[in-house]
1. Rounded, prolate or oblate: which one fits the stretch 107-175, using the alpha carbon gyration tensor with axes a ≥ b ≥ c (rounded when a/c is under 1.5, else prolate when a/b beats b/c, else oblate)?
2. Tabulate in residue order the Karplus-calculated ³J(HN,Hα) for the stretch 245-255, using 6.51 cos²θ - 1.76 cosθ + 1.60 with θ = phi - 60°, rounded to whole Hz; enter x for Gly and Pro.
3. Separation of the stretch 150-175 and the stretch 32-66 by C-alpha centroid, Å?
4. What is the distance in Å between the Cα centroid of the stretch 195-237 and that of the stretch 73-130?
5. Residue farthest toward the positive end of the dipole of the stretch 114-271, with Cβ of Lys/Arg at +1 and Asp/Glu at -1: which of I224, P203, A252?
6. How large is log10 of I(q)/I(0) for the stretch 167-268 at q = 0.13, 0.18, 0.24 Å⁻¹ when the intensity is taken from the Debye formula with one equal scatterer per alpha-carbon?
7. Could you sort 243-256, 43-56 so that the peptide with the highest average Cβ count within 10 Å comes first and the rest follow in order?
8. Going by amide H atoms built from the backbone, whose H comes under 5 Å of the H on T262, apart from near neighbours?
Amino acid sequence: MLYSSAQDWRAAPNKRVLFFGMSGLGKTYVSNVLRGAGSWFHYSVDYRIGTRYMGEYIADNAKAEAMKVPFLRELLLSDSIFIGSNITFENLTPVAAYLGKPGDVAKGGLPIAEYKRRQEQFRVAEIRALLDTEYFEDRAQQLYGYPNFICDTGGSICEWVDVDDPQDQIMSELSKHTLMVWIKGTDAHTEELVRRFDRAPKPMSYQPQFLDRVWQEYLKENGIAEGDVDPDAFIRWTYAQALAHRQPRYQAMADNWGITVTADQISAVKDEAGFVDLIASALEARS
């Protein structure tokens, strides 16, 4: 690991961490706390995906919808209006909206082939954004003068790594430049995430093998054709399975390449000093 002990971590003039885990457990919260301290650069992988690697896909999709409206079509063809996405660290809705949900088109779904195509676009984009971490570390220090660095990853990072391969390209690269920190939730956190998702189901990104399996299982269990699937019903049904699928993968990532802190510990962090103490304790526990 980048820091071999709590002493190394405390003494490091440049502290570099990467947070991973399920969305909703505090990655962005603690990133904002540290950014507010003034000496930490916050690199959001999801923001990088939406701006650098999927920005054209998102804008073109919005333009395609606008072209269906005669009034807007004329304005677009004459370059009289501009259509783009307004992605921020706090608002990543354009990315989620582009990914969409598979199922009945009349209910806002996408044909499964198109859904898988967009999933693949996201997979490639996320891997590229993760591997940009070193570039942004250097940029943060050399260009802006930030001594410390946070990489705030999306929940799907675990879908693209081989957690059983100590030479995995993504994890080997990331662990060379950051201290990998898993924010682990309890069963109570999982239940709350499921309840929250059930109230407002959102698009997600899945490992292709996992998606193929749950899609076929859903069709079989419900006895329906692909075009009749209720998009929200499918992703609600899939979400709890996705959590169960991801948990051991996060665990292996932490065991092989990093340290573990709990969501409750993260929520208790109020300032930079509290965070430094928390990571030092986690390093001591690991050793």
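The values are calculated or read from the model by the stated rules, or taken from the named source; none is laboratory data. Since this is a predicted model, take the numbers as computed values, not measurements. Please note: Cβ atoms are built from the backbone with ideal geometry, for glycine as well, and neighbour counts cover all protein chains shown. These area figures cover heavy atoms from the full protein model, side chains too; ligands, DNA and RNA do not enter into them. Shrake-Rupley method; radii C 1.70, N 1.55, O 1.52, S 1.80 Å.
1. Verdict is oblate for the stretch 107-175.
2. After applying 6.51 cos²θ - 1.76 cosθ + 1.60, I find 5, 7, 4, x, 6, 4, 4, 5, 4, 5, 4 Hz.
3. 20 Å
4. After rounding, the separation between the Cα centres reads 18 Å.
5. P203
6. -0.62, -0.99, -1.28
7. Details: 243-256: 17.1, 43-56: 20.6.
Order by mean packing, descending: 43-56, 243-256.
8. Amide H neighbours of T262: K184.
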